[in-house]
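The values are calculated or read from the model by the stated rules, or taken from the named source; none is laboratory data. Bear in mind that the values here come from a model prediction, so they are computed numbers and not experimental data. In this analysis, Cβ positions are derived from the backbone assuming ideal geometry, glycine residues included, and neighbour counts consider all displayed protein chains. Only protein heavy atoms, including side chains, enter the accessible area calculation; ligands, DNA and RNA are left aside. Shrake-Rupley method; radii C 1.70, N 1.55, O 1.52, S 1.80 Å.
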Amino acid sequence: MPMEKTFNAAESEARIAAAWDEANAFAAGANAKEGAEPFSVMIPPPNVTGSLHMGHAFNNTLQDILVRWHRMRGFDTLWQPGTDHAGIATQMVVERELARTQQPSRREMGRAAFLEKVWEWKSTSGGNIRRQLKRLGASCDWSREAFTMSGAPGAPEGEDGNFHDAVIKVFVEMYRKGLIYRGKRLVNWDPHFETAISDLEVENIDATGHMWHFRYPLADGETYTYVEKDADGNTVLEEERDYISIATTRPETMLGDGAVAVHPSDERYAPIVGKYCEIPVGPKESRRLIPIITDEYPDPDFGSGAVKITGAHDFNDHAVAERGGIPKYRLMDTGGAMRADGAPYDEAAARAQEIARGAEASAAEIDALNLVPEAYRGLDRFEARARVVADITAEGLAVMVPAWDPRLGKAAQRKASPEEGGIPPEEQLVPLVEEKLITQPFGDRSKVVIEPMLTDQWFVDTTKIVGPALDEVRKGMARPEGSTEGTRILPERDAKVYFHWLENIEPWCISRQLWWGHQIPVWYGPALSSDDPDGGHILYDAEWVPFCAPSWDDAFEQMKAYYRHDEIKWVEDEAEAMQLIEGITTRLRTEGAIRDTHAPVAIPVYRDPDVLDTWFSSGLWPIGTLGWPDDTEELRRYFPTSVLVTGFDIIFFWVARMMMMQLAVVDEKPFHTVYVHALVRDEKGKKMSKSLGNVLDPIEQIDEYGADAVRFTLTAMAAMGRDLKLSTSRIAGYRNFGTKLWNAFRFAEMNDAFVQTDGARAVHVPCTPGATVNKWIMGETAKVREEVDAALNAYRFNDAANALYGFVWGKVCDWYLELSKPLLNSDDPEVVQETRTTLAWVLDQCLILLHPIMPFITEELWGVAGDRGLLCHADWPTYQVSDLVDENADAEMSWVISLIEAVRSVRGEMNVPNGLEVELLQLELDEAGRTALDRNASLIKRLARIETITEADTAPKGAAAIPVKGGTFALPLVGIIDVGAEKARLEKSLQKLTKEIGGLKGRLDNPKFLESAPDDVVEETRELADAKAAEEAKLRAALDRLAEVA
RNA sequence: GGGCGAUUAGCUCAGUGGUAGAGCGCUUCGUUCACAUCGAAGAUGUCAGAAGUUCGAAUCUUCUAUCGCCCA
């Protein structure tokens, strides 16, 4: 049955994918040669809620190329797939789903029930991305698909695995080694999701905002002389003030101010440093006084030069507060509303006043103080801001300026001209609300403004584990070619990014106030009042002491040892534990005894409710997916892995953390090479995003053009380190390339190239052909094979793709297929047989070499062209240029091709009708040319559409001249050609030639060039100059003859 | 503000010191038995600008301009 005219991707891809599946073709170790080296790649786990976008398609295409290439070369290959559990994103998706289907909310159903819902969602919807990756052709070992939450408590059937064990074990070990600690720190708090997030999950966005200026009155009616000087030291303003002017973009945080700071060198405020000022908001009778202190942080040239210090709600202020021992008052609840808990404002403010005056207070007490006045309690932070501004302004404590002040921005009025009536703006005073560009932090998922918040969190002490991660990459960057020592990051630029980040690393906050994730394996019980094992008591206001252990049983053992008995009760949460302790202590107190640990009452303990950052688990991806902490066969075989292919946007999130964690846990780098690729953008260069609506959905593209076209496009554009701008016309172009290849097979099939009587064709070199054309194409094949291997070895994916494109289309289809036609129709059965064999071989090579980039169409054609197993397991060739290139055949074919091109060019420019076969005159010609002409006359005639080739001494008048290497031909086109046009054509060529010769001569006449340039360059230049000069002479001769006619 | 990168044909981009390239688009011609998702031919460049190093610069150095990304 004859082949269809085009490849039907939609129909074939599914069938081929099924065949691969059925053959288990991508299982770890499939097609490995005896004693093969391992080659393993970890997929960057996509988010389980995710669907395939172009970035994934790009990332996975590159991985698949490497993996298929290695598999065909007989490596013991593993491509490990899987997804991560994406704490925030998944919780968000499931909560939204609950709301949509009008089910009880997360909080209503409680933690356990909610997690059940999440698992349910995962099993029905979490497989999306796997199906999509399969559509792309990703040759992962799907039987090993991993998940970062596998094996967690509550995981349903089918979600077993030990990733959870690995995560917990690492946490416990790192905790015991002192690499993980808990502390009350200022963290980025997401008020929407009510969890801490890492600074990498914060997007800083510039937007026009406002800066308010307020007066903080000095305490006790104090005044000072405020002097403002210009750059030359001249006084520009001098006035008596009873206040200090403060600018802020977040007035609601004034309620938690602990001090006002000025720079120590700022003379304007020197007289009042050490004095107190009043926070101008809240009930008048109980306003707080705060000290005026000095710190290096305030910039005297910015605003008034004085800065309010709110240690609990700003990172810079926090540092100042730490340095100056300033209390840090927390103002908001987890949802970003002003606190409504605790004692009435009067009491809290009075206590805060004592503290400001020097009274001792614990961090816990300070945290418990709610300094939000009743009027603002419970308000959303932005609502509170508006109220604070309004109240201060109403009281006349805003800094006032004329209405035309340019700092007011759009709100500023223009100065009135005298003839206009009313109050001129210069006399009208308005509150100074500066309009300016403000950088605000936003949660990258929630898109709400992030609030710096003082909370208890867990941290990895990254400074303690960063060293080896830096060393390994330093080693890798310096290693020689071919070595796998250390870890090499490509391109080099991204190594710089890596170094820069790790050298300035911050502690990593790993706790999240979510439910979906690995719950922190720490239980808290009340601390004993003394270290003395027999004298310890539990006090009413006991601190909590942590017990970190991989399981409750282990924790329980620790608790027994600590409390010296086993009456321990695991309760729901801190509140319940607290209640029980209160009960115990008050009851025992009334009995006249402080409870000791031997009393017959259960000690309440509770588990830390927080979960670990998803990146903490994906940081263990390399070892976790291979079965660690068990000592598995796979771990021994495939770890450390070979290459990590990933986008530059997760160098910090993931790559750096994997480096640190693998080194910290198993003391071994996770991979020897990291290939960092760029971003896929739309055709205008914009980042693809849903909100812009410029996303190209890879699945839609695959539906329309086929997976191979999408893959080839991405590969051809994968120049290292450059963003790719993707357009559908490009994809269509490479779909056409597939069609071209398809039709080459159609041609071969029609010519019986695949009919073999002696069994399956071997992949290795089939014969030693006699025909020059056959020798030549085999040499070209060897060249491209070397090129492809060299390109892939260097991760130059685009070079591999372009080399193959040029070879298949430009060499095989444009020339070899055409040149083979006369041979296939030869009367000599040996020539026919040899050509069929060569043709089949060459096309097979195209399939093999293209397979890693275009797996589907090549697999399909492989099946069409013979019955010999799957192409994805075919042997990758190793023949070399030195084996297959025949210099003479090369030279001969170049000559033939250039002659045919020259004739076609003349015909084209002279508008000789295609159908018209013309006569070709051979004028002078050297020996090599004569031989080449003799041996290939039929080819030349056919491809250049020549009727006869005759020898002549001189060209007739009015013939078009065709200079070739070693001689000249002519096309006698009397009556067909336009003499003027031919003259113009020749003159144009001559002009170009003269310019080139000028350049070449200039170099050759320069003695310094001859002296300094390498010999082969000089030689090349000389040859080229000679050749050009010869051609010039021929063209001149031709022009002369033309002149005779005219 | 700090860092990284880009600027090459109409468009998208390759090109690490030695003859400026590819794909797409464009123009002309073409129903020859693989392919019109095709074939043949053609046009198109101050390699952002300036200075320097070099026998020789798109390529190396410095500066300038414009644009982008990351980090504060």
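Sorted by packing (mean other beta-carbon atoms within 10 Å per residue), highest first, where do A:354-363, A:127-136, A:811-820 land? Don't skip to the answer; put the middle values down first.
Numbers: A:354-363: 11.7, A:127-136: 18.3, A:811-820: 20.4.
Ranked by mean Cβ neighbours within 10 Å, highest first: A:811-820, A:127-136, A:354-363.
For chain A, what is the relative contact order in percent, using Cα pairs closer than 8 Å and at least 6 residues apart in sequence? Walk me through the intermediate numbers first.
Values: 1790 pairs, mean separation 120.1, N = 1046.
Relative contact order of chain A: 11 percent.
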List A:Phe671, A:Phe7, ordered by accessible area with a 1.4 Å probe, largest first: A:Phe7, A:Phe671
Solvent accessible area, Å² - A:Tyr276, 1.4 Å probe, full protein context: 50
By accessible area with a 1.4 Å probe, ligands and nucleic acids excluded, highest first: order of A:Asp220, A:Asp299: A:Asp220, A:Asp299
Reachable lysines, given that their alpha-carbon falls under 30 Å from the alpha-carbon of A:Lys169 and they are not under 8 places away in the same chain: A:Lys117, A:Lys122, A:Lys177, A:Lys184, A:Lys464, A:Lys475, A:Lys560, A:Lys569, A:Lys669
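Please give the peptides A:990-1001, A:229-240, A:339-350, A:780-791 ranked by average Cβ packing (other Cβ atoms within 10 Å per residue), highest first, as a rough proxy for protection. Don't skip to the answer; put the middle values down first.
Values: A:990-1001: 13.9, A:229-240: 8.4, A:339-350: 15.9, A:780-791: 20.2.
Going from most to least packed, we get A:780-791, A:339-350, A:990-1001, A:229-240.
Starting from the Cα gyration tensor of region A:826-950, multiply each eigenvalue by 5, take the square root, and state the resulting semi-axes largest first in whole Å. Numbers along the way, then the final one.
Working: eigenvalues 262, 67, 44 Å².
Its equivalent ellipsoid spans semi-axes of 36, 18, 15 Å.
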Pairwise centroid distance, computed over Cα atoms, of region A:217-251 with region A:1022-1046, Å: 89
Folded to 0 to 90 degrees: helix A:345-356 orientation relative to chain A principal axis, Cα: 80
On Cα atoms only, tilt of A:927-944 relative to the major axis of chain A in degrees: 70
Rounded to 10°, Cα long-axis angle of helix A:111-125 versus longest principal axis of chain A: 10
Full-stretch length increase - A:Ala359, A:Val448 - with 0.36 nm per residue and alpha-carbon distance subtracted: 28.3 nm
Spacing of the two label points (7 Å from each Cα toward its C-beta) at A:Glu481 and A:Arg1036, in nm: 4.6
Computed accessible area, A:Phe382, all protein chains, 1.4 angstrom probe, square angstrom: 90
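Show me A:445-456, A:923-934 ranked by packing, highest mean number of other Cβ atoms within 10 Å first.
On the way: A:445-456: 18.5, A:923-934: 15.8.
Result, highest mean Cβ count within 10 Å first: A:445-456, A:923-934.
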DSSP beta bridge pairing in chain A, given as percent antiparallel to the nearest 5: 70
Lys pairs, region A:918-1045 - Cα-Cα below 18 angstrom, 8 or more residues apart or on other chains: 15
Solution diffusion estimate, µm²/s, Stokes-Einstein, chain A, Kirkwood Rh from C-alpha pairs, 20 °C, viscosity 1.002 mPa s: 60
Dipole of chain A [Lys/Arg +1, Asp/Glu -1 at C-beta], most positive-end residue of A:Pro822, A:Val1017, A:Ala18: A:Pro822
Label-point gap, in nm, between A:Thr632 and A:Asp814 - each point 7 angstrom along Cα→Cβ: 5.0
Chain A - accessible surface per residue (Å², probe 1.4 Å): 44
For region A:122-188 and region A:307-344, distance of Cα centres in Å: 36
Centroid-to-centroid separation of region A:371-394 and region A:826-901 [C-alpha atoms, Å]: 79
Accessible surface, 1.4 Å probe, highest first, among residues A:Arg15, A:Arg907: A:Arg15, A:Arg907
Shape parameters for region A:918-1045, alpha-carbon atoms, Rg then Dmax in Å: 17.2, 54
Cα-based convex hull, region A:213-400, per residue volume (Å³, whole number): 113
Dipole axis of chain A (+1 Lys, Arg; -1 Asp, Glu on Cβ), positive-most option in A:Trp79, A:Ile43, A:Val812: A:Val812
